[in-house]
1. Given (1) within 19 Å of the chain's Cα centre (by Cα); (2) surrounded by fewer than 17 Cβ atoms within 10 Å (Cβ to Cβ), where does LEU318 come up short, assuming only one miss?
2. Residue check: is TYR195 open to solvent by 40 Å² or more (accessible area, probe 1.4 Å), under 20 Å from the mean Cα position of the chain (by Cα) and within 12 Å of ligand 2 (Cβ to nearest atom)?
3. Quick one: count up the residues across the range 257-304 that are farther than 19 Å from MET321 by Cα, open to solvent by 60 Å² or more (accessible area, probe 1.4 Å) and not in a loop (DSSP other than H, G, I, E, B).
4. If the Cβ limit is 6 Å and pairs must be 6+ apart or interchain, which residue in the range 297-325 that is more than 28 Å from GLY187 (Cβ to Cβ) pairs with which residue that is open to solvent by less than 30 Å² (accessible area, probe 1.4 Å) and at pLDDT below 95?
5. For LYS254, which of the numbered conditions (1) within 9 Å of ligand 2 (Cβ to nearest atom); (2) touching an Asp or Glu at 6+ places or on another chain (Cβ under 6 Å) fails to hold?
6. Return the total of residues in the range 177-192 being within 13 Å of ligand 2 (Cβ to nearest atom) and among the polar types (S, T, N, Q).
7. Go through the range 82-101 residue by residue and tally those that are farther than 23 Å from PRO293 by Cα and either more than 9 Å from ligand 1 (Cβ to nearest atom) or not aromatic (Phe, Trp, Tyr) (or both).
8. Return yes when ASP219 is away from ligand 1 (no atom under 13 Å from the Cβ), surrounded by 16 or more Cβ atoms within 10 Å (Cβ to Cβ) and not in a helix (DSSP H, G or I) and no when it is not.
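The values are calculated or read from the model by the stated rules, or taken from the named source; none is laboratory data. Quantities reported herein were computed from a predicted structural model and do not represent experimental measurements. Here Cβ is always computed from backbone atoms with ideal geometry, including for glycine, and neighbour counts include all displayed protein chains. These accessible areas exclude ligands, DNA and RNA; they are computed on the full protein's heavy atoms, side chains included. Shrake-Rupley method; radii C 1.70, N 1.55, O 1.52, S 1.80 Å.
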Amino acid sequence: MKKILVTGGAGYIGSHTCIELLASGYEVVIVDDFTNSVAEPLQRLQKLAGKSVSFHEVNLLDEAALDAVFVKEGQIDAVIHFAALKAVGESVEKPLMYYKNNISGSLTLFDVMQKHGVKNLVFSSSATVYGDPEETPIKEDAAVHATNPYGHTKAMMEQILMDTSHAFDWGVVLLRYFNPVGAHESGEIGEDPEYPNNLLPFVSQVAAGIREHVTIFGDDYDTVDGTGVRDYIHVVDLARAHVKSIEKLAKHDKGTLIYNIGTGTGYSVQQMVETFRQVSGKEIKTVVGPRRPGDIAECTADATLANNELGWSASYGLQEMIESAWKWQSQNPNGYRDAK
Ligand code: NAD
Ligand code: WQD
């Protein structure tokens, strides 16, 4: 494996993964249409890695443009497919937009891969495919029953890839991410939502004085302190799981492999906010509100399979996740928007 095409490489997880790929000696080709990103992280990640990437501003739905990328780049050994829309609430309101972008975009990509003989793929799946799990920590053989259109796109993509790897002898790794947080240690790249849907970016913005308070979505769950518990995973650890997946594909027989990517440890909303207060030294006002529709009490990963088969395990704990998130937030109060 030498040359890796990364869809969605300008996004949050993609940009961190490109740095890790470059650091491991891979050549990186990025395809992104900036639907949910900007060009600035591309400049920064190349500077941090001291190496350049090849970038193509292309929407995955544009088959001719995508085909031209594969023609121009020559041999591509594997694809890491991040590009997707990811906001659960928006997916409930605009399901067709989600199915079109996430499913049709992927199908177009797979057609082009097949045409050019590219048979290795790592796919961004999500713990959301488990819905409300019967038991935690969750193992990969737990039932898949997503509960919203975004989650359905992930579950459908998993099925499509299992069928495709079987029919065409592809090697596929499906990574089910738990809750990615944090940023690169430099504070130069990180998550840049204008209006955050997820807990940690919201808490960051409250600590930075951009928003007034964090609403805690329910404190009457059957958990350690009544607030929701999640398995937060440092984005750099998650990025490294993709490098390990590429290494696995280089050695592995064809077929689909599925791995949970989490630390195995859960933290409650209250614990996250408290740790953020300690790390930032800022007051973070919280207000308890009603439960958010569709939320579950607890979600943690059993990542034993990834430990054993990918040789991957999380190396960062909660402190580092929050320190890096705060460094990114403090250095870039307006995300990438201030960049010249
Ligand atoms: P992100 O929005 O920051 O990155 C996605 C990138 O894909 C963006 O740069 C966007 O512009 C691009 N993109 C979207 N549709 C495209 C299209 N049709 N053509 C070209 N580019 C397109 O999101 P992220 O947090 O980095 O997530 C990456 C992947 O991981 C997604 O598939 C997401 O569903 C999955 N995931 C994310 C989380 C999370 O909490 N962040 C959790 C589980 C899974
Ligand atoms: C975490 C906890 C909330 C915000 C989502 C997607 C999932 C995956 C990751 C893509 C929960 C609580 C949150 C706030 C709060 N994405 N919370 N106040 O819901 O576990 O997962 O992102 O695949 O598919 O569903 O993450 O960060 O939104 O919430 O109290 O303002 O924080 O109730 O307990 P979630 P989250």
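1. The number of the failed condition is (2).
2. Values: open to solvent by 40 Å² or more (accessible area, probe 1.4 Å): yes; under 20 Å from the mean Cα position of the chain (by Cα): yes; within 12 Å of ligand 2 (Cβ to nearest atom): yes.
Yes.
3. 3
4. Once the first residue is more than 28 Å from GLY187 (Cβ to Cβ) and sits in the range 297-325, no partner that is open to solvent by less than 30 Å² (accessible area, probe 1.4 Å) and at pLDDT below 95 comes close enough.
5. Failing condition for LYS254: (1).
6. Total satisfying the criteria: 1.
7. So the first thing to find is which residues in the range 82-101 are farther than 23 Å from PRO293 by Cα, and the list is 82-83, 100-101.
Within this subset, residues satisfying the condition of being either more than 9 Å from ligand 1 (Cβ to nearest atom) or not aromatic (Phe, Trp, Tyr) (or both) are 83, 100-101.
Adding up the residues that qualify gives 3.
8. Yes: the conditions hold for ASP219.
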